[in-house]
1. Which residues, counting only those in region 164-185, are farther than 22 Å from ILE56 by Cα and either polar (S, T, N, Q) or surrounded by 11 or more Cβ atoms within 10 Å (Cβ to Cβ) (or both)?
2. Say whether the condition of being within 14 Å of PHE11 (Cα to Cα), hydrophobic (A, V, I, L, M, F, W, C) and in contact (Cβ under 8 Å) with a residue 12 or more places away in the chain is met by at least one residue in region 87-110.
3. Do you know which residues across region 88-116 are farther than 19 Å from LYS169 by Cα and surrounded by 15 or more Cβ atoms within 10 Å (Cβ to Cβ)?
4. Scan region 110-156 for residues that are in a helix (DSSP H, G or I) and either over 26 Å from LEU4 (Cβ atoms) or within 16 Å of the chain's Cα centre (by Cα) (or both) and report the count.
5. How do the pairs read when you match residues in region 1-20 that are touching a residue at least 24 places away in the same chain (Cβ under 8 Å) with residues anywhere that are exposed (fewer than 14 other Cβ atoms within 10 Å of the Cβ) and not in a helix (DSSP H, G or I), using Cβ under 7 Å and keeping only pairs 6 or more apart or on different chains?
6. Write out, first by first residue and then by second, each pair whose Cβ atoms fall under 6 Å of each other, whose residues are 6+ apart or on separate chains, and whose first residue, in region 56-84, is farther than 20 Å from ASN175 by Cβ and in contact (Cβ under 8 Å) with a residue 12 or more places away in the chain while the second is among the hydrophobic types (A, V, I, L, M, F, W, C) and in a loop (DSSP other than H, G, I, E, B).
7. Residues in region 20-31: is at least one within 26 Å of the chain's Cα centre (by Cα), surrounded by fewer than 17 Cβ atoms within 10 Å (Cβ to Cβ) and either within 30 Å of LEU132 (Cα to Cα) or at pLDDT 95 or above (or both)?
8. In region 42-78, what residues are charged (D, E, K, R) and outside any helix (DSSP H, G or I)?
Amino acid sequence: MKSLLRFLNTFIYGLSFLLAVVTFSIALPILWRGFYYLHIDLLNIPDIVGYSKEDIIFSFNELMDSLVFYKPFGEGVFSYSVSGMNHFLDCRVLFTLDLITFPISFVIFAIYSVLIKLNFIKVYKPFNMSILFYFSFIPILLFGSLAIFALVDVNSAYTFFHAVLFPGKDNWMFNPYTDPIINALPEQFFLNCGILIFGVLFLILLTVIIFNIVRKVCSNSIQIFNKYDLMTRRSI
């Protein structure tokens, strides 16, 4: 029974860490509107859509307000179709799921971290390494594979991504005539969102991996030094 409980605590601890890091990384381009603002001039969006930068920012903010804060749906100066609106509402469900999962998983992870530190609960440490070390490789391998896939064939990766997130639907294939806002949201912007997500994710997980390796090396060095010191004392 104790082994099962320890296994469950280990799994919950690792999973909560994993979910917190992944959902945090995904939440960044959702909540950081300035990231899109940077792309307006960078990708010459005003020239593409025929509206001013102010109109584009207003339209983007109105759209994101409806997706994040559940305000009445609108796309600012852009007209839209029912199909296009429904796709954005599908995105709202995913945004909400991510923004709810992040604080919940972070709180669970924080509670477990404190309880483990105070020895109220115990978790497995395979080969004397934190379970976070092993969990960190999961998203790196998964997202890394997706990144390589996108670099090889960005169009196929884009289609695969939407097929997984929106199974059985094709309303994500926008017609620029009925949903002109798609011209203000070019593929390069979404690609850069993916780069931001993976970059932050990779940086956090790499830090955890390196920290655990350094801690392991230091711990082994201290043990070797203590053994050597003990042997030296005995010889004297």
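1. Once the filter is applied, which keeps residues that are farther than 22 Å from ILE56 by Cα and either polar (S, T, N, Q) or surrounded by 11 or more Cβ atoms within 10 Å (Cβ to Cβ) (or both), region 164-185 yields LEU165, PHE166, LYS169, ASN171.
2. Narrowing region 87-110 to residues within 14 Å of PHE11 (Cα to Cα): 105, 108-109.
This time we only want the ones that are hydrophobic (A, V, I, L, M, F, W, C), so: 108-109.
Within this subset, residues satisfying the condition of being in contact (Cβ under 8 Å) with a residue 12 or more places away in the chain are 108-109.
Checked region 87-110: at least one residue is within 14 Å of PHE11 (Cα to Cα), hydrophobic (A, V, I, L, M, F, W, C) and in contact (Cβ under 8 Å) with a residue 12 or more places away in the chain.
3. Those that are farther than 19 Å from LYS169 by Cα and surrounded by 15 or more Cβ atoms within 10 Å (Cβ to Cβ): ASP98, LEU99, THR101, PHE102, SER105, PHE106, ILE108, PHE109, TYR112, LEU115, ILE116.
4. Going through region 110-156, the residues in a helix (DSSP H, G or I) turn out to be 110-117, 126-128, 131-135, 137-152, 154-156.
Still in the running and either over 26 Å from LEU4 (Cβ atoms) or within 16 Å of the chain's Cα centre (by Cα) (or both): 135, 137-152, 154-156.
Final tally of qualifying residues: 20.
5. Cβ pairs passing all conditions: ARG6/LYS122.
6. SER66/PHE73
7. Here is the first cut: in region 20-31, the residues within 26 Å of the chain's Cα centre (by Cα) are 20-31.
This time we only want the ones that are surrounded by fewer than 17 Cβ atoms within 10 Å (Cβ to Cβ), so: 28, 31.
Now narrow it down to the ones that are either within 30 Å of LEU132 (Cα to Cα) or at pLDDT 95 or above (or both): 28, 31.
The answer is yes; a qualifying residue exists.
8. Hits for region 42-78 are LYS71, GLU75.
The values are calculated or read from the model by the stated rules, or taken from the named source; none is laboratory data. Computed from a predicted structure; not experimentally measured. Reconstructed Cβ throughout: ideal geometry from the backbone, glycine too, with neighbour counts over all protein chains shown.
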